[in-house]
Structures are given as structure tokens and as C-alpha cells.
1. Specify the longest stretch of the chain that does not include any exposed loop site, a site being one of the GluC sites (Glu not before Pro) with a non-H, G, I, E, B DSSP assignment and at most 12 other Cβ atoms within 10 Å.
2. If you line up the long axis of helix 36-70 against the longest principal axis of the chain, both from Cα atoms, how many degrees apart are they, to the nearest 10?
3. Loop only by DSSP, 15 or fewer other Cβ within 10 Å of the Cβ. Give me the chymotrypsin sites (Phe, Trp or Tyr not before Pro) in the stretch 13-74 that pass, ordered by residue number.
4. Could you state the angle between the C-alpha long axis of helix 18-27 and the longest principal axis of the C-alpha atoms of the chain, as a value from 0 to 90 degrees rounded to the nearest 10?
5. Along its three principal axes, how long is the stretch 33-74 when you only count alpha carbons? Whole Å, largest extent first please.
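What follows is calculated from the coordinates using simple rules that are stated; it is not laboratory data. Computed from a prediction, not measured in an experiment: that's the story for all the values here. Virtual Cβ from ideal backbone geometry, glycine too; neighbours counted across all protein chains shown.
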Amino acid sequence: MKVKREKKQEFTSISIPLPLFKKVEKHIQNTGFQSVSSYMSFLLRIILSEKNLDDKKFYEAKLIRKKLKQLGYI
């Protein structure tokens, strides 16, 4: 059975203060995360997906307000 592999991803380095790194390193012990980098990537994905949802909700609310105004309710 062949397993499809995704394109090889490119990576970059992000600097964080060493005390913060140590806290994160301690925090992820026994969680299944293999590294601080993988945990930080996970958190950033969550934050960015929530941001996109917030932007989408804002846009939808703006459209609803516009329609209500056109109908004379606002």
C-alpha cells in the first residue's frame, strides 16, 4: 500500500526568550508533543484559525446590519 506524502514543508526559526522556552518545554512533558516547535506550531494554527473565524463573523454581522438598514429596521 502506497502512502501519499505531502509536499516537503520549509521551516524557519523563531526566537523566543529562553525562560519562556524552558516553561513551554516543561509544560509539554508527557503530552505527546515531540518538541517545543511542534507545540508552538499547534498553538499558532489554533490562534490563526480563531482569528479567521472572528473576521468571518465580523464580515457576516456587517452584511446583516447592511441588509437590516436597507429594509428600514436600522
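1. On the way: sites that count: 6, 10.
That gives 11-74 as the longest site-free run.
2. 0
3. Details: sites: 21, 33, 39, 42, 58, 59, 73; in loops: 33, 73.
Qualifying residues, ordered by number: 73.
4. Tilt relative to the chain: about 90 degrees.
5. 56, 8, 8
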